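Reading through the structure tokens given below for one structure.
The values are calculated or read from the model by the stated rules, or taken from the named source; none is laboratory data. Because the structure is a prediction, the values reported are computed rather than measured. Cβ sites come from the backbone with ideal geometry, for glycine too, and all protein chains shown count toward neighbours. Quick note on the areas: whole protein, heavy atoms, side chains included, nothing else; ligands and nucleic acids left out. Shrake-Rupley method; radii C 1.70, N 1.55, O 1.52, S 1.80 Å.
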Amino acid sequence: MDDRNAGADDDIRVYVVRSRRKTVSAEIDKDLSVLVRAPLRMSEREIKEFLRKNEDWVRKHRDKRREQMEESKDIPKLTGQELRTLAEEARRDIPPRVQRYAAMMGVSYGRITIRNQKTRWGSCSSKGNLNFNCLLMLAPEEHRDYVIVHELCHRRQMNHSKRFWAEVERILPDYRQSVIWFKENGEKLLSRMM
């Protein structure tokens, strides 16, 4: 199995990315391929078995992604000026929120950058630099706060372990509502990017 092109079956493209992780996971990419994230030492046979066991999940989520892409086709794109305006709003809105939550959590952070991103809402580098998508300004305030807290929690846990999610929940007990909101609305917002 080639790590960049391994098939669960003939009609689904599967890409495998190996890293020093302990668990295996799968996600559906924008081109409807399956991205498998696997531990370095996981064998091809184990990956194929993982895909076989999760075939129903893969098909269900590919169908859902296909529907989201179909719905997103007719959503109007933001103009360059609209994106600049959103970025300016984000530069005024997000840093004070980051500062407030960082103080509440007792964590530090580096530089805050606002970007026009097509796939991510936020990220946190190993140096503590934070990146946020300007499209967050189109999300309700509580969901914007969720992304900020999520990234700040990476200052304690650079992973998505149970400890990470416990930290998110400690700050935002209702964070699951935001996860659901982004699952239902995130693709539509991201599709507005030029």
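Of note:
- Stokes-Einstein translational diffusion, the range 46-92 - Kirkwood Rh over all Cα pairs, 1.567 mPa s, 4 °C, in µm²/s: 93 µm²/s
- Viscosity 1.306 mPa s, temperature 10 °C, Stokes-Einstein D of the range 104-194 from Kirkwood C-alpha radius, µm²/s: 118 µm²/s
- Size of the range 74-131 as Cα extents on the principal axes (Å, biggest first): 43, 22, 18
- Computed over the alpha-carbon atoms, the chain gives an Rg to Rh ratio of 0.99, Rh here being the Kirkwood radius from the mean inverse distance.
- Residue-level accessible surface for Tyr109, protein heavy atoms, 1.4 Å, Å²: 80 Å²
- Taken per residue, the accessible surface of the range 12-132 reaches 64 Å², heavy atoms only and a 1.4 Å probe.
- Relative contact order %, the range 53-135, counting alpha carbon pairs below 8 Å whose residues are six or more apart: 24 percent
- In order along the range 23-33, phi translates into HN-Hα couplings of 10, 10, 9, 9, 9, 9, 7, 5, 8, 6, 7 Hz, rounded to whole numbers, per the Karplus curve 6.51 cos²θ - 1.76 cosθ + 1.60 with θ = phi - 60° and x for Gly and Pro.
- Beta bridges per DSSP, both residues in the chain: antiparallel share near 45 percent.
- Percentage relative contact order, the chain, counting C-alpha pairs under 8 Å, at least six apart: 17 percent
- Directionally averaged projected area (convex hull, Cα atoms, the range 31-140), nm²: 10.3 nm²
- C-alpha long axis of helix 175-190 to longest principal axis of the chain, angle in °: 80 degrees
- Assigned charges on the beta-carbon of Lys, Arg, Asp, Glu; the chain dipole about Cα centre (debye): 860 debye
- Seen against the Cα atoms of the chain and their longest principal axis, helix 162-171 is set at about 30 degrees.
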